[in-house]
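Below is one structure, written out as structure tokens; the observations come after it.
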4 protein chains.
Amino acid sequence: MTRVAILGATGYTAVELIKILLRHPEAEITALTSRSEGSPHVAAIHPSLAGRLDLRLEDLPPEVVATRADCVFCCLPHGAAASVVPKLLAAGTKVVDFSADYRLSNAAVYEDWYGLKHPDPSRLGHTVYGLPELFRERIRPAKLIANPGCYTTSAILPLTPLVKAGLIDPSNIIIDAKSGVTGAGRTPKLTTLYPECNESISCYNVGRHRHTPEIEEIVSAGSGHATNVIFTPHLVPMDRGILSTIYCVPTGPVTEGQALTALREFYDDEPFVRVVEHLPGSKDSSGTNFCDITVRAVRGRLILISCLDNLIKGASGAAVQNFNLMFGYNETTALL
Amino acid sequence: MTRVAILGATGYTAVELIKILLRHPEAEITALTSRSEGSPHVAAIHPSLAGRLDLRLEDLPPEVVATRADCVFCCLPHGAAASVVPKLLAAGTKVVDFSADYRLSNAAVYEDWYGLKHPDPSRLGHTVYGLPELFRERIRPAKLIANPGCYTTSAILPLTPLVKAGLIDPSNIIIDAKSGVTGAGRTPKLTTLYPECNESISCYNVGRHRHTPEIEEIVSAGSGHATNVIFTPHLVPMDRGILSTIYCVPTGPVTEGQALTALREFYDDEPFVRVVEHLPGSKDSSGTNFCDITVRAVRGRLILISCLDNLIKGASGAAVQNFNLMFGYNETTALL
Amino acid sequence: MTRVAILGATGYTAVELIKILLRHPEAEITALTSRSEGSPHVAAIHPSLAGRLDLRLEDLPPEVVATRADCVFCCLPHGAAASVVPKLLAAGTKVVDFSADYRLSNAAVYEDWYGLKHPDPSRLGHTVYGLPELFRERIRPAKLIANPGCYTTSAILPLTPLVKAGLIDPSNIIIDAKSGVTGAGRTPKLTTLYPECNESISCYNVGRHRHTPEIEEIVSAGSGHATNVIFTPHLVPMDRGILSTIYCVPTGPVTEGQALTALREFYDDEPFVRVVEHLPGSKDSSGTNFCDITVRAVRGRLILISCLDNLIKGASGAAVQNFNLMFGYNETTALL
Amino acid sequence: MTRVAILGATGYTAVELIKILLRHPEAEITALTSRSEGSPHVAAIHPSLAGRLDLRLEDLPPEVVATRADCVFCCLPHGAAASVVPKLLAAGTKVVDFSADYRLSNAAVYEDWYGLKHPDPSRLGHTVYGLPELFRERIRPAKLIANPGCYTTSAILPLTPLVKAGLIDPSNIIIDAKSGVTGAGRTPKLTTLYPECNESISCYNVGRHRHTPEIEEIVSAGSGHATNVIFTPHLVPMDRGILSTIYCVPTGPVTEGQALTALREFYDDEPFVRVVEHLPGSKDSSGTNFCDITVRAVRGRLILISCLDNLIKGASGAAVQNFNLMFGYNETTALL
């Protein structure tokens, strides 16, 4: 049994994480934190957890959390995460960090895209990126995992095999991504108010979404080829799910079948990547840790289509997959 | 041509009102107010109005508004409205007030349900309630109109004819009402965040929603019989629309046909009440100023079903209907 | 390990059932049937099951199904179910039937509400109704279980304790129920086409929905008091979830606290009924086997509010709960 | 006053057209047709029209329709339209055809994409394409108008000015388009059943959607440059609205400002194209005849974003705009 804590337990990724961990036979949730006043019961914040978990959300310092938990899932915002993680590691706990703080390898790139000085730059460049399909063996022994972003996973998984196999031009990639609204978090704001985004589709942060450098860096690392992307995120009126439509230029005459084979061979033994022939909808993988991928050859292009649940394979499911690897459990425990 | 102003122009009822008024050949919008910093252009607040109206939202005192407008639509919250309305009236403008401030006739009842001392109690008891189907002739000469609430209109219109005709017991009425999310306003809050209310139905303010005394008072006034209701509002994952299912006890053996006839006779000449035989869905009247009503006799009860668009017949359409009456225009102008 | 088969595996309850059974350590799905041409792979019908289950949907006679399975979940329509179930039972398999065919005890009542002569009337009156909270000990040894309807469970669970305790008048109950669209099945029809029911709420089958006699019979059986209800179902633009708002007349001066206590005592040890103090939304129990219940005292009435997932506690979760009881497994297996 | 008829009046474009025409002071609807049995009243098919229009849907031959109407809006499917249109024209009525039958100029291309021999090939190549922003002067005197497709309008309007100005490469254009579900029509089918497409985003007809050749032909005709596109349509869980994200390669160093200026100059006097600086959401133009367009320069690309209501500017609003031009009415009548 491994004792786990969740920092920043008021949001959508946290409640999803709690639900997965409640099904995990080897994990015991021992602490939840937030800055909410009065240490509310978790069911007061997340009514779906009524009767499931008898814990309060407490405003605890990292040192206290470390005494209660062997593994900490850190769901704090970027900036805040990297201020706390060093203390947790120093106290001997392992950490799966949901923020972007440890995903990039370069503090200057981080500062450029996130607009703040990195609080813990010395760990950049050697923190393991928690995508088991690419970095499984480095995840197992790691003390700190940078859990991937939701959009990034939906782009990295389909792209890496084709870039690595040399089938597509890594410098000419367009990612048109569509996400459900939980991806925008649980803090009330006008743009995610129900009547604002219901019955509407819109794009946002065109050309400047922070997942751009993350996609480029990890596809480059995973494939061995420097990669450049155009990334356009869209907000879709649904709770969860991401569909990415990715336009690639083949390096030569590549058939749909060849591209599909490259994907299949790459993910042959992967429990959570499904290479399919039909066009997947985001609902097919909703509520699961699967990423569905297919490809079409159209007028000299290869179009990759990938779907996943932004809260599970795009966040909390991936985190538990990493947790399972870090603590020697079966990788699929609590995830099927 | 009548010059009109809208106070509190940032919300959903205001933008709907603007769209209706833009189609009105005799109305010219001359001022919009809000406390937003920097006097933003109306299209910056409501992008759907881009290219439609070249006005800024200004923080104007009522005295200045009164110099620009012959009629003011006041979309301010309760309490705030009654602090401003006396000044507008004193300056000679007519006012259609969207708040609850002038809907009830008794300051003590107001204080009881709204939790604040009424700022302008002397006008209670003789302000005209702006439901043309009941009070048309009193609306025409009025200087101040209390525009009805959305839920209340959906309950008053089906109930009044049957109570007045003595067909149902006015002391034993259950109103189970369901509303789209725009009814909750445009101020960001957790309960109306997209992922909180999407894919969910819930009830709220059970037994203590503020439309309760308004329904009772107006049905009593319109029918001549003291009325008591149980009123339960529900939040439905859709933008707009209200469906009220109203359970009544007939005073004797009343057939479905008799009840339907009573409704039809009452609303025979009304341009915006449609007494129908089928079961209406809220979408049938969405985007219109219609209220659809039908009735079913079930196991000794009469069940009334009514639908309307909470932003139009439940707010801004009704307001323009009142405006048309007050200024001598055809009652349906801009509303069909 | 128990071998299970699903008859009529193309619908929403079937795919939900498959997902639950895939998590069940003691159940092995051995056969799926449908009349689809060409024996399609299950993932061609339900793409969310890609890579999860390698079975085809076959058009199999009950005798063949019986050789492959120890338990059959029958998801056929009413009428069709009772034509097949006798053969399955004769062949020695146990059956959980999702249809209404064995829920009522009287063939004349069945014929009256369902408009057809019952194909297997001799089993009516002594088939066990599969609501563990009321009939657990009778479910354990049963060979055939009539799995409850979705609306009915959402009404029976809150009503039975209060009727049994004599706190409410069993002859004066109004159930205003709201359901997501999966409740209407997966056969394409105009009324459940996306643009017809999206952004709309409507009621249907007012006074003549077939769950009416089922609610009355089971609350009567469970409480010992003859019960009469008015039942009005509504269609809500969401995939899943039911919220029932139930208006009751107390038999005497009953406080909210007393009603809550009666509910709590009745469900004290139940793993899947959560008596809560807050107003639950249907989303709180979405994706789970929980039924959430609370009560409010309003102006001399008691208003019960209950929520559940129509596909889980209202169908497939309840079926697996029954399966667990019938085969001696822990009742919560695969359901938490 | 012009007498108008609508052929194929059961669908979503037809009901939208009726609503627009009811606001048109110079149009009188005199006939509606469908093959529905029993000549149902229009309000039985479209309950939102209760009390608005007292006509039945009749199964009328074109010769009879022609005696009743000066203008026929033909909402029949492709193939069916071109079988009827010649008879209407022969009888002297003008026709606005909603189908694809007269949009392409080449019968072989038509046969290739639509899979059937064109019933009226002699009119191809000189029928006017009804996009007033490009072909206004040819529309005015036309007897037959090919009303544009919804996706095509959302692509043609942003692309044409930039291709014409030589700012982008016409052979390297990627259109990633997202549409609400009404675009798929009102015939019940599994893919547009509520629970299938709600809470999901998916793409379909990748590389083989029939709007592809239409976009290419019209942008080529409007700009004078042969154009090739990759077009990927997506289905979004909302009723109406299209957002197209269009990835272009500039022909040289083109700034965002230059591209915006080119769009503004092209559409300077257009009443229904709004070139905006913010990122529009599809809801901004929902329920209107506007098309909103903006552009972003990102990493050496130009990304065009356009939004419109697929039922209005993408179908019935455009049709009335054409009607206004053909009959000499103010172009914006009934459309603002």
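The values are calculated or read from the model by the stated rules, or taken from the named source; none is laboratory data. Being a predicted model, the structure only gives us computed values, none of them experimental. A quick note on method: Cβ atoms are made from the backbone with ideal geometry, for glycine too, and the neighbour counts reach across all protein chains shown.
Summary of computed values
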{"item": "Condition met for residue C:29 (not in a strand (DSSP E or B) and not charged (D, E, K, R))", "result": "no"}
{"item": "Some residue of the range B:49-64 being in a loop (DSSP other than H, G, I, E, B) and modelled with pLDDT under 95", "result": "no"}
{"item": "Yes/no for residue A:235 being within 14 Å of chain D (Cβ to nearest Cβ), at negative phi and in contact with a Phe, Trp or Tyr (Cβ under 7 Å, 6 or more places away or on another chain)", "result": "yes"}
{"item": "Residue within the range A:37-44 that is crowded, with 22+ Cβ neighbours inside 10 Å and assigned to a loop (DSSP other than H, G, I, E, B) present", "result": "no"}
{"item": "Selection status of residue C:244, in a strand (DSSP E or B), polar (S, T, N, Q) and either within 12 Å of chain B (Cβ to nearest Cβ) or over 13 Å from residue C:152 (Cα atoms) (or both)", "result": "yes"}
{"item": "Considering residues of the range A:247-272 that are aliphatic (A, V, I, L, M) and buried (at least 20 other Cβ atoms within 10 Å of the Cβ) only, the residue farthest from the other protein chains (Cβ to nearest Cβ)", "result": "A:262"}
{"item": "Selection status of residue D:93, under 25 Å from residue D:17 (Cα atoms) and either buried (at least 24 other Cβ atoms within 10 Å of the Cβ) or out of contact with any His (no Cβ under 7 Å at 6 or more places or on another chain) (or both)", "result": "yes"}
{"item": "Odd one out for residue C:128 among (1) touching a residue at least 40 places away in the same chain (Cβ under 8 Å); (2) under 20 Å from the mean Cα position of the chain (by Cα); (3) farther than 21 Å from residue C:1 by Cα", "result": "(1)"}
{"item": "Unique match (being in the same structural domain as residue A:286 (by TED's automatic domain parsing), out of contact with any strand residue (DSSP E or B) (no Cβ under 9 Å at 6 or more places or on another chain) and of a type outside the set (A, V, I, L, M)) among A:212, A:160, A:192", "result": "A:160"}
{"item": "Inter-residue pairs, beta-carbon under 9 Å, first on the phi > 0 side of the Ramachandran plot and in the range C:1-30, second assigned to a helix (DSSP H, G or I) and not hydroxyl-bearing (Ser, Thr, Tyr), 6+ apart", "result": "C:8/C:14; C:8/C:80; C:8/C:81"}
{"item": "Pair list, Cβ under 8 Å, 6 or more apart: the range A:155-179 residue basic (Lys, Arg), other residue assigned to a helix (DSSP H, G or I)", "result": "A:164/A:222; A:164/A:223; A:164/A:266; A:178/A:282"}
{"item": "Residue match in the range B:141-156 (condition: of a type in the set (D, E, K, R), at pLDDT 95 or above, outside the structural domain of residue B:213 (by TED's automatic domain parsing) and touching a Pro at 6+ places or on another chain (Cβ under 8 Å))", "result": "no"}
{"item": "Scope the range B:211-235; condition within 18 Å of the chain's Cα centre (by Cα) and either assigned to a loop (DSSP other than H, G, I, E, B) or over 26 Å from residue C:200 (Cβ atoms) (or both); matching residues", "result": "B:213, B:216, B:217, B:218, B:219, B:220, B:221, B:222"}
{"item": "Enumeration of residues in the range D:325-335 that are surrounded by fewer than 22 Cβ atoms within 10 Å (Cβ to Cβ) and within 11 Å of residue D:139 (Cα to Cα)", "result": "D:327, D:328"}
{"item": "Residue in the range C:277-290 that is within 24 Å of residue C:144 (Cα to Cα) and either in contact with a helix residue (DSSP H, G or I) (Cβ under 6 Å, 6 or more places away or on another chain) or of a type in the set (D, E, K, R) (or both) present", "result": "yes"}
{"item": "Residue satisfying all of: in the range C:278-324; in a helix (DSSP H, G or I), in contact with a strand residue (DSSP E or B) (Cβ under 7 Å, 6 or more places away or on another chain) and without any contact (Cβ under 8 Å) to a residue 60 or more places away in the chain; nearest to residue C:22 (Cα to Cα) among these", "result": "C:285"}
{"item": "The range B:96-108, subset of a type in the set (A, V, I, L, M) and touching a Leu at 6+ places or on another chain (Cβ under 9 Å), residue surrounded by the fewest Cβ atoms within 10 Å (Cβ to Cβ)", "result": "B:107"}
{"item": "Subset tally (residues that are closer than 19 Å to residue B:148 by Cβ and either small (Gly, Ala, Ser) or outside the structural domain of residue B:75 (by TED's automatic domain parsing) (or both)) for the range B:5-35", "result": "3"}
{"item": "Residue, surrounded by the fewest Cβ atoms within 10 Å (Cβ to Cβ), within the range B:175-220, restricted to residues that are among the charged types (D, E, K, R) and within 9 Å of chain C (Cβ to nearest Cβ)", "result": "B:208"}
{"item": "Selection from the range B:85-137 of residues that are in a loop (DSSP other than H, G, I, E, B) and small (Gly, Ala, Ser)", "result": "B:91, B:92, B:99, B:100, B:105, B:115, B:125, B:130"}
{"item": "Residue within the range D:299-308 that is farther than 26 Å from residue D:204 by Cα and more than 14 Å from chain A (Cβ to nearest Cβ) present", "result": "no"}
{"item": "Residue tally, condition acidic (Asp, Glu) and surrounded by fewer than 21 Cβ atoms within 10 Å (Cβ to Cβ), over the range A:221-246", "result": "0"}
